[in-house]
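Shown next, in structure tokens, is the structure this report addresses.
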Amino acid sequence: MTDYKTIAEANTFIVLDSYTKQLRVAESYQSEDALEREFVKDLQRQGYDYLPTVNSPQALLANVRAQVQALNNVQFSDGEWLRFVETYLDKPGDSMTDKAHKVHDDYIHDFVFDDGRIQNIYLLDKQTILMNVTAASLAKRRKT
């Protein structure tokens, strides 16, 4: 470490007689890929399953449908699911902020089924967090 002579000092700054910036590799840098892999591992440690087959928008929507149906104990017809997605879950005009708002604040939707019945459809169970874990994950947890 180099010793520097202080020329002036105040509450918000200090002036040194000499300063040479040393190039250092940013130790806190993490690529997006590394961040994603670490995040997936954290979720797996919490009991969530990694589903490598969910690798397209269609596969993602099919998985969301299965999870939403299981969470709410309902079965959507194909038409009802399409209407749920287009009018609430993934409205064409929604921004990323709008979608994040749904998860955090507007995660319950009053849905009218084709037969006329109305039911609250939850995207998440915020009271019993474990209900958001897949059935396969729950089975694994019970074995350990």
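For an R0 of 25 angstrom, estimate the FRET efficiency from the Cβ-Cβ distance between Thr53 and Asp106 and round to the nearest 0.05. Plugging the Cβ-Cβ distance into 1/(1 + (r/R0)^6) gives 0.30.
Binning the alpha carbon pair distances of the chain at 10 angstrom intervals from zero yields the distribution 8, 26, 26, 12, 8, 11, 7, 2, 0, expressed in whole percent. With θ taken as phi - 60° and the Karplus curve 6.51 cos²θ - 1.76 cosθ + 1.60 applied, the whole-hertz 3J(HN,Hα) list for region 60-70 is 4, 5, 5, 5, 4, 4, 4, 5, 5, 4, 5 Hz, x standing for glycine and proline. Given their separation in residues at 0.36 nm each and the Cα-Cα distance between them, Gln127 and Lys5 gain 38.0 nm when the chain is fully extended. Pairs of lysines in region 1-135 whose Cα atoms sit within less than 30 Å of one another amount to 9, provided the residues are eight or more positions apart or on different chains.
Per DSSP H run of at least 4 residues, take -39500 (n - 2.57); add these up for the chain, divide by its residues and hand me the 222 nm value, nearest 500 deg cm²/dmol.
-11500 deg cm²/dmol, from helical runs alone.
What shape does region 52-103 have by the C-alpha gyration tensor, where a ≥ b ≥ c are the square roots of the eigenvalues, rounded means a/c under 1.5, and otherwise prolate means a/b greater than b/c and oblate the rest?
oblate
Placing R0 at 22 angstrom, the Cβ-Cβ distance between Val85 and Arg37 gives a FRET efficiency of 0.15 after rounding to 0.05.
Since every read-out is calculated from the coordinates, none of them should be taken as a lab result. Bear in mind the structure is a predicted one, so any value in this text is a computation, not a measurement. Cβ coordinates were reconstructed from backbone atoms using ideal geometry, including for glycine residues, and neighbour counts include every protein chain displayed.
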